[in-house]
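The values are calculated or read from the model by the stated rules, or taken from the named source; none is laboratory data. Model, not experiment: these values are computed from the prediction. Backbone-built Cβ (ideal geometry, glycine too); neighbour counts: all protein chains shown. Ligands, DNA and RNA are stripped out before the accessible areas are found, and what is left, the full protein with its side chains, is counted by its heavy atoms. Shrake-Rupley method; radii C 1.70, N 1.55, O 1.52, S 1.80 Å.
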Amino acid sequence: MIEMQDVWKTYPNGTHALQGVSVKIDRNEFVYVVGPSGAGKSTFMKLIYREEVPTKGQISVNGFNIGKLKQRKIPYVRRNIGVIFQDFRLLPRLSAYENVAFAMEVIEAPKRQMKKRVMEVLDLVGLKSKANHQPSQLSGGEQQRIAIARAIVNNPSVIIADEPTGNLDPETSWGIMQLLDEINFRGTTIVMATHNKDIVNTMRKRVIAIEHGNIVRDQLRGEYGYDF
Ligand SMILES: Nc1ncnc2c1ncn2[C@@H]1O[C@H](COP(=O)(O)OP(=O)(O)OP(=O)(O)O)[C@@H](O)[C@H]1O
């Protein structure tokens, strides 16, 4: 469902962030993307959710050629991809409920479905009781759970998570990991960039390692493989 064929990304300043990446990720896979800082992991992820377009090569997500997408088709493809970041990126003045509901409003989901669906995902992430709290009234782990609720509320087929445990302590990170595992188990493909050695070595999922803009390792039930 995600396929890259000889994908290159050169930023306007001349940095070659990806240099000829080819990969296939099937429906319902869970993939860790690992590698040194600056290797091209975030770029790899940004190309999937079309935050960036490739300089050369093809990327298809659910059959859509992402790099060549017509402007009017972008929202349609994006709604099928949920994104989670290291720094949560919740809207500070909105409550947990409103942050999640906002993702449904953006795609103009029917109003009558909204309340039920938002409460359903808040329940799934274990935060129904904090629906009215603002992000500043929540812990880091709770904020990330709200960000996950927001990412899944429109039932995307893919979740892109760029270092989702990067700002969290080990115990909280494990909670987030179990939640993502559960979401994957329910049928969502997950691509997660991480520097968390413990998590990768314990979960034993597919591991794609990127160095200098190239995939240098791709293992099923892989290991982290670095000392950082
Ligand atoms: N918008 C940009 N403009 C120019 N260069 C960029 C841009 N974004 C990233 N780069 C460069 O592209 C290369 C790959 O960056 P990328 O963020 O994809 O790496 P990364 O593996 O995610 O790193 P980290 O683990 O530190 O997050 C780096 O050399 C980076 O400096």
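Points to keep in mind about this one:
- Test: residue in the stretch 201-221 that is in contact (Cβ under 8 Å) with a residue 24 or more places away in the chain, away from the ligand (no atom under 16 Å from the Cβ) and among the hydrophobic types (A, V, I, L, M, F, W, C): yes
- Applying a threshold of 7 Å to beta carbon distances and a minimum spacing of six or more residues, or different chains, the list of pairs starting in the stretch 115-137 at a residue that is under 24 Å from Met177 (Cβ atoms) and ending at one that is of a type outside the set (Val, Ile, Thr) and part of a loop (DSSP other than H, G, I, E, B) reads Leu122/Ala131; Lys130/Leu138; Ala131/Ser95; His133/Ser95; Pro135/Leu90; Pro135/Pro92.
- A count restricted to the stretch 16-34 and to residues that are open to solvent by 70 Å² or more (accessible area, probe 1.4 Å) and either farther than 17 Å from Gly57 by Cβ or within 15 Å of the ligand (Cβ to nearest atom) (or both) stands at 4.
- Within the stretch 76-132, being in a loop (DSSP other than H, G, I, E, B), within 30 Å of Lys41 (Cα to Cα) and in contact with an Asp or Glu (Cβ under 8 Å, 6 or more places away or on another chain) holds for Gln86, Leu91.
For (1) within 15 Å of the ligand (Cβ to nearest atom); (2) open to solvent by less than 20 Å² (accessible area, probe 1.4 Å); (3) among the hydrophobic types (A, V, I, L, M, F, W, C), each residue gets a yes or a no:
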{"residue": "Asp6", "(1), (2), (3)": "no, no, no"}
{"residue": "Pro36", "(1), (2), (3)": "yes, no, no"}
{"residue": "Ala39", "(1), (2), (3)": "yes, yes, yes"}
{"residue": "Leu47", "(1), (2), (3)": "yes, yes, yes"}
{"residue": "Val53", "(1), (2), (3)": "yes, no, yes"}
{"residue": "Ile66", "(1), (2), (3)": "no, yes, yes"}
{"residue": "Lys73", "(1), (2), (3)": "no, no, no"}
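- Within the stretch 106-118, being within 23 Å of Ala161 (Cβ to Cβ) and open to solvent by 50 Å² or more (accessible area, probe 1.4 Å) holds for one residue alone: Val106.
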